[in-house]
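Notes for the one structure printed next.
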Amino acid sequence: TIALSDRVKSVKPSPTLAITARAAAMRAAGKDIIGLGAGEPDMDTPDHIKAAAVKALDNGFTKYTAVDGTPGLKKAIIAKFKNDNGLDYTPKQILVSCGGKQSSYNLCQALLNPGDEVIIPAPYWVSYPDMVLLADGVPVIIETTQAQRFKITPEQLRKAITPKTRLIFINSPSNPSGIAYSLDELKALGDVLKAFPDIIIATDDMYEHILWESGTFVNILNAHPDLYGRTVVMNGVSKAYSMTGWRIGYAGGPEELIEAMCTIQSQSTSNPTSISQVAAETALTGDQGFIDRMCIEFKKRHDYVVSELNTIDGVECIPTDGTFYVFPNVQKLIEQLDGVEDDLGFSEYLIEKAGVALVPGSAFGCPGHIRISIATSMANLEKALERIKKAI
Ligand code: PLP
């Protein structure tokens with residue numbers, strides 16, 4: 001056996017990717033599995049974006065770029081931040097990375113010392129705690145309930161802060177809950193954070209554009225412009241333009257911190273793929289019609305799935321504000337099912353008995369729930385719900 005590092009032993013592989021792999025393996029073995037685990041839109045990347053990448057390839061744009069991103073893409077990102085979010089950045093305040101995932105990773109590596117605490121509201125995106133652990137930090141989880149719409153209160157935030165708190169992640173609209181914070185709620189959280197000037201705020205706006213209920217998107221800087229000097233805004237093209245495989249994410253923030261994040265990136269991956277950067281620039285500056293079409297489709301599926309789930313005895317599902325996930329509470333159903341102990345067992349039960357693969361809430365720090373991805377066809381969703389009802 002090979003003696004691996006303590007570091008790698010402290011983390012686990014992404015559970016959402018594991019479910020997808022498990023479903024694929026069962027399918028390969030001839031089983032009919034419907035996958036509701038997907039963390040990516042099921043639509044194709046728009047043609048004009050693909051065409052831009054093909055052109056870049058034909059033009060020989062296939063070499064190293066600046067580590068922090070091409071000037072053209074950075075310009076497009078700066079314009080995006082200005083137009084969509086009312087935020088001003090200079091090129092030195094922008095870092096383009098290999099997906100939003102690398103933005104968070106760079107941030108943890110650049111900011112945390114051993115023992116530094118990072119506040120992570122649950123349910124959380126699966127990668128935050130493990131990225132904190134990989135940087136020798138300590139994840140401090142704030143638990144929420146469906147009754148509070150999976151949002152932390154200012155009181156909960158205040159209680160979680162200690163002299164060791166260095167960073168907080170805010171993800172709105174949220175993967176997995178699909179819930180977004182309102183401007184007033186962000187104001188209230190910002191009021192707490194204002195008293196602790198050493199805490200850096202990471203706002204993960206990855207699902208900014210997949211939003212219906214709360215109208216216009218807002219993040220904590222819209223509520224508290226005075227937090228600009230210690231907030232990192234993270235976003236990317238993965239979800240908004242169905243470009244998960246292209247691996248382009250970006251961050252805007254204080255120059256000192258962005259520069260440090262760039263240093264980490266320069267000694268790990270260097271620049272993100274050259275042709276993907278051209279594609280991302282086109283995504284941000286070109287026709288935005290795709291986003292509306294995608295949202296209309298997701299909303300239709302959302303309405304169907306939420307209303308069907310609520311007809312099942314023991315399932316409670318609140319309508320979301322956006323994203324392509326719903327996050328029903330299934331605790332009562334679990335208690336009714338013989339031989340099923342918890343949400344992990346329930347997910348196992350569904351894959352075995354119904355041929356439906358989805359992710360248990362425990363993976364997101366929120367047991368008693370399941371995450372259903374609606375990023376699959378309506379026909380698949382209808383079939384999946386029918387099978388789930390039958391199996392239980
Ligand atoms: N942030 C959140 C909340 C996400 O759900 C994801 C993807 O699942 C990411 C960031 C990272 O996206 P990517 O690295 O694919 O750009």
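Each value in this text was obtained by applying a stated rule to the coordinates, not by laboratory testing. Note that the coordinates shown come from a computational prediction; the quantities given were computed from them, not determined experimentally. Using ideal geometry, Cβ is built from the backbone for each residue, glycine included, and neighbour counts are taken over all protein chains shown.
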Checklist entry - Does Arg230 fit the bill of being basic (Lys, Arg), crowded, with 20+ Cβ neighbours inside 10 Å and in contact (Cβ under 8 Å) with a residue 12 or more places away in the chain? => result no
When the stretch 89-112 is checked residue by residue, the ones that are touching a strand residue (DSSP E or B) at 6+ places or on another chain (Cβ under 8 Å) and away from the ligand (no atom under 12 Å from the Cβ) are Tyr89, Gln93, Ile94, Leu95, Cys108, Leu111, Leu112
Exercise. Yes or no: Gly86 crowded, with 22+ Cβ neighbours inside 10 Å and either more than 30 Å from Glu316 (Cβ to Cβ) or within 16 Å of the ligand (Cβ to nearest atom) (or both)?
Worked result: no
Screening Asp32, Asp58 for residues that are free of Cβ contacts under 8 Å to residues at least 60 places away in the same chain and among the charged types (D, E, K, R) leaves only Asp58
Considering the stretch 39-70, residues that are surrounded by fewer than 13 Cβ atoms within 10 Å (Cβ to Cβ) and in contact with a Ser or Thr (Cβ under 9 Å, 6 or more places away or on another chain), and then whichever is nearest to Ser242 (Cα to Cα), we arrive at Asp44
Counting only residues that are surrounded by fewer than 22 Cβ atoms within 10 Å (Cβ to Cβ), of a type in the set (S, T, N, Q) and either outside any helix (DSSP H, G or I) or in contact with a strand residue (DSSP E or B) (Cβ under 7 Å, 6 or more places away or on another chain) (or both), the stretch 268-301 contains a total of 6
Among residues of the stretch 235-267 being of a type in the set (S, T, N, Q) and assigned to a loop (DSSP other than H, G, I, E, B), the residue nearest to Cys295 (Cα to Cα) is Ser242
Restricting attention to the stretch 152-187, the residues that are over 15 Å from Asp204 (Cα atoms), surrounded by 19 or more Cβ atoms within 10 Å (Cβ to Cβ) and not β-branched (Val, Ile, Thr) number exactly 3
